[in-house]
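Below: the structure, in structure tokens.
The values are calculated or read from the model by the stated rules, or taken from the named source; none is laboratory data. Source: prediction; values computed, not measured. Note: ideal-geometry Cβ built from the backbone for every residue, glycine included; neighbour counts use all protein chains shown. Accessible surface is based on the protein model in full, side chains and every heavy atom, while ligands, DNA and RNA are left aside. Shrake-Rupley method; radii C 1.70, N 1.55, O 1.52, S 1.80 Å.
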Amino acid sequence: MHNAIYLWLVLVIILLVTEVCTLGLTTIWFAVGAACALILSLFHVGFIIQLIVFFAVACVMLIFTRPFAVKYLNSRTSKTNAEAYVGRNVRVTEDINNLKDQGHVIVGGLEWMARSSDDTVTFRKDEIVTVAGIEGVKMIVEKKKEDNECR
């Protein structure tokens, strides 16, 4: 029985160290399950019950609490680099026409290749458009949304 205590203790430590290194919010839930199994082993509960509790707690924690934790933690992250341009209004510097495979915009002092979000819609030079997304090295743009300032 004493071997089970050490097994769970080592497993908790390994899982916590892995979580700290990866920050993936996956192994932390298994560390909680291993901690519960460790507590049971201290009370000399059978190893099979410890295993069942380990997997049950880990799975329940993973399924029911991970989505909330990810949402809470991701809400505090700010957009970086190109993501920050989505939703901004930008000026067209070369006519945008998907069928002719042409178009550029200037945003943040940099020129980007641009394409319309709709192949049937074109935009003229000096028109203001809104960045709808980024696909590789291309900005996907759409008709200007009035509430965004041009930058």
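Details
- Selection within region 109-140: residues that are of a type in the set (Lys, Arg) and in a strand (DSSP E or B). The member of this set that is nearest to Asn98 (Cα to Cα) is Arg115.
- One residue alone among Val17, Val53, Val45 is without any contact (Cβ under 8 Å) to a residue 12 or more places away in the chain and in a helix (DSSP H, G or I), and that residue is Val17.
- Scanning region 1-35 for residues that are open to solvent by less than 70 Å² (accessible area, probe 1.4 Å) and either touching a Gly at 6+ places or on another chain (Cβ under 8 Å) or polar (S, T, N, Q) (or both) gives Thr18, Thr26, Thr27.
- Residue list for region 114-139, filter: surrounded by fewer than 16 Cβ atoms within 10 Å (Cβ to Cβ), of a type outside the set (Val, Ile, Thr) and more than 16 Å from Gly87 (Cα to Cα): Asp118, Asp119, Arg124, Lys125, Asp126, Gly136
- Among the residues listed as Val86, Val60, Val70, the single one being surrounded by 12 or more Cβ atoms within 10 Å (Cβ to Cβ) and under 30 Å from Asp126 (Cα atoms): Val86
- Residues of region 36-55 that turn out to be more than 32 Å from the chain's Cα centre (by Cα) and surrounded by 18 or more Cβ atoms within 10 Å (Cβ to Cβ), as a count: 4
- Count of region 20-52 residues which are at pLDDT 90 or above and either closer than 15 Å to Leu9 by Cα or touching a strand residue (DSSP E or B) at 6+ places or on another chain (Cβ under 8 Å) (or both): 18
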